[in-house]
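The structure under discussion appears below in the form of structure tokens.
The values are calculated or read from the model by the stated rules, or taken from the named source; none is laboratory data. All values reported here derive from a predicted model rather than from experimental measurement. With ideal geometry, Cβ positions are generated from the backbone for all residues, glycine too; neighbour counts draw on all protein chains shown.
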Amino acid sequence: MFLLPKAPDWRIDWERLRAVGFDGFFKQMAEVEQNPSWHGEGDVWSHTQMVCQKLVKMSAYQKLPPLQRQEVFLAALLHDIGKMVCTRLEEGQWISPSHTIVGARMAREYLRVEFGLGGTLETLRIRETICNLIRYHSVPTHILDQTEPERRLMKIASNGELTPDFTIELLCILEEADVRGRIYKGMEESVETVLLCAQLAEEIGCYKGAFSFPSSYAAHAYLSGRNIVPGQALYDDTWGEVILLSGLPGTGKDTWLREYNIHLPVISLDEIRKEMGVLPTEHQGVVVAKARETAKEYLRKKQPFVWNATNITASLREKQVRLFHEYHASVRIVYLETGWEEELRRNKERKEAVPEQVIGKMQKSLTLPERFEAENIQWECV
């Protein structure tokens, strides 16, 4: 808790934050311009300081438990780091498309590699609470622009099942500070929108935690877009479960399968590569095609199985989940993680080690499975 501003003065120790490793971010953010129509205060670093200072003075923030205060404060400190790589000048205006998505990935890498947040379920949950806050921090001010605001909030709130500290309440606290920590004419209107978002989340039952669905099947049905009432109980027409593994090389997917006595057929992309003589650095189209054909054979037989691959991005996972659902299988995504240094050590001990720079590149792209991606999501530290 050494980074946590405390009562009675709630002073932010900027020098200590620099000393523990944030100085590089601070310097880079100071060089990033913002659209003056929305940020009259200037660069990203000026805005970030204002946000943090507004945050720690908010009574809603001060009333939070210490760990949640730490998580929200770190999210505020890092909420716009994605602008360092996303900002560009377009038609005379500074824009930063996708900076929340990129910023969450950057924060995940930094907190895991440099701060050691990972390798245990407790530290993983802390890190992912921070990353979720960064990823979705702009949603409350744009909630009225959503086609289905209730479903959007329920999808985001569902991640609270995986990271119990993460709530729409924390998201709204962070975004109110984000809005107040800038200079522009529409600030009060934006604050009102954040408050309306909080009110909506409370009305639909997902303000302080995930909405309580009748079953995991019903939850996924609603969160994936089916036209049903959120609390509606549904008949589960799935015949069995397919397990989709997710995790960087060296996290011990094969070991996890053995330790949990999961005696199911395994489709391993590593094994298929060996059989076909395809290197991991080569085009993987034929490998994936072979894996999917094998999967279809199992699915037609209604045979549960395990899909063993890295699956480190939502788009990769979505392709496989869609296939499994087409055959009416239920899906469990199991994400596996270990400490960063331990992961590198394990990888070196593998017969066919993945180059360390490749793992580092994969870490930069890593997004953990979110609750709404399948019927069941499981995070394990091994």
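With respect to the stated conditions, Leu64 is among the hydrophobic types (A, V, I, L, M, F, W, C), over 27 Å from Ser365 (Cα atoms), out of contact with any His (no Cβ under 7 Å at 6 or more places or on another chain) and in a loop (DSSP other than H, G, I, E, B). Contact map, the stretch 216-239: residues that are outside the structural domain of Arg371 (by TED's automatic domain parsing) and touching a residue at least 60 places away in the same chain (Cβ under 8 Å) paired with residues that are in a loop (DSSP other than H, G, I, E, B) and of a type in the set (Ser, Thr, Tyr), Cβ distance under 8 Å, separation 6+ or inter-chain. Pairs shown: Tyr217/Thr238; Asp236/Ser215. Return a yes/no flag: does the stretch 76-92 have any residue that is of a type in the set (Lys, Arg) and either closer than 20 Å to Val179 by Cα or buried (at least 24 other Cβ atoms within 10 Å of the Cβ) (or both). For the stretch 76-92, residues of a type in the set (Lys, Arg) and either closer than 20 Å to Val179 by Cα or buried (at least 24 other Cβ atoms within 10 Å of the Cβ) (or both): present.
Name the residues in the stretch 115-138 that are out of contact with any Lys or Arg (no Cβ under 7 Å at 6 or more places or on another chain), aliphatic (A, V, I, L, M) and crowded, with 18+ Cβ neighbours inside 10 Å, would you? Scanning the stretch 115-138 gives Leu124, Ile126, Ile130, Leu133, Ile134. Just to be sure before I move on: is Ser246 at pLDDT 90 or above, surrounded by 13 or more Cβ atoms within 10 Å (Cβ to Cβ) and within 27 Å of Met362 (Cβ to Cβ) in the structure I sent? Yes, satisfied.
The set of residues in the stretch 354-370 that are over 20 Å from Met106 (Cβ atoms) and touching a residue at least 40 places away in the same chain (Cβ under 8 Å) contains only Val354. Those residues that are among the polar types (S, T, N, Q), surrounded by fewer than 18 Cβ atoms within 10 Å (Cβ to Cβ) and not in a helix (DSSP H, G or I), I need them from the stretch 27-48; list them, please. Within the stretch 27-48, Asn35, Ser37 qualify.
Rundown of residues vs (1) in the same structural domain as His137 (by TED's automatic domain parsing); (2) polar (S, T, N, Q), yes/no style:
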{"residue": "Glu175", "(1), (2)": "yes, no"}
{"residue": "Tyr184", "(1), (2)": "yes, no"}
{"residue": "Ser190", "(1), (2)": "yes, yes"}
{"residue": "Leu195", "(1), (2)": "yes, no"}
{"residue": "Gly209", "(1), (2)": "no, no"}
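When we screen Ala107, Ala60 for residues that are surrounded by fewer than 20 Cβ atoms within 10 Å (Cβ to Cβ) and either closer than 30 Å to Lys208 by Cα or not acidic (Asp, Glu) (or both), the only hit is Ala60.
In the set (1) within 23 Å of the chain's Cα centre (by Cα); (2) over 26 Å from Gly119 (Cα atoms), Val286 fails one condition alone, (1). Out of Gly240, Gly285, Gly250, Gly277, one residue alone is over 30 Å from Glu176 (Cα atoms) and in contact with a strand residue (DSSP E or B) (Cβ under 9 Å, 6 or more places away or on another chain). It is Gly240. Under the condition of being crowded, with 19+ Cβ neighbours inside 10 Å, under 20 Å from the mean Cα position of the chain (by Cα) and over 17 Å from Gly360 (Cα atoms), the residues counted in the stretch 310-331 number 4.
Among the residues making up the stretch 185-242, a single one is under 25 Å from Glu318 (Cα atoms) and of a type in the set (Lys, Arg): Arg226. Does the stretch 314-330 contain at least one residue that is of a type in the set (Val, Ile, Thr), not in a helix (DSSP H, G or I) and not assigned by TED's automatic domain parsing to the domain that holds Ile156? Looking through the stretch 314-330, none of the residues is of a type in the set (Val, Ile, Thr), not in a helix (DSSP H, G or I) and not assigned by TED's automatic domain parsing to the domain that holds Ile156.
Residues are listed down the side, and each one gets a yes or a no for (1) farther than 24 Å from Gly225 by Cβ; (2) without any contact (Cβ under 8 Å) to a residue 60 or more places away in the chain; (3) among the polar types (S, T, N, Q):
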residue	(1), (2), (3)
Glu109	yes, no, no
Leu117	yes, yes, no
Arg135	no, yes, no
Ile143	no, yes, no
Val179	yes, yes, no
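Scanning the stretch 163-188 for residues that are surrounded by 22 or more Cβ atoms within 10 Å (Cβ to Cβ) and in contact with an Asp or Glu (Cβ under 7 Å, 6 or more places away or on another chain) turns up just one, Thr163. The residue list Leu200, Leu171 contains one member that is closer than 21 Å to Gly231 by Cβ and either modelled with pLDDT under 95 or not aromatic (Phe, Trp, Tyr) (or both), which is Leu200.
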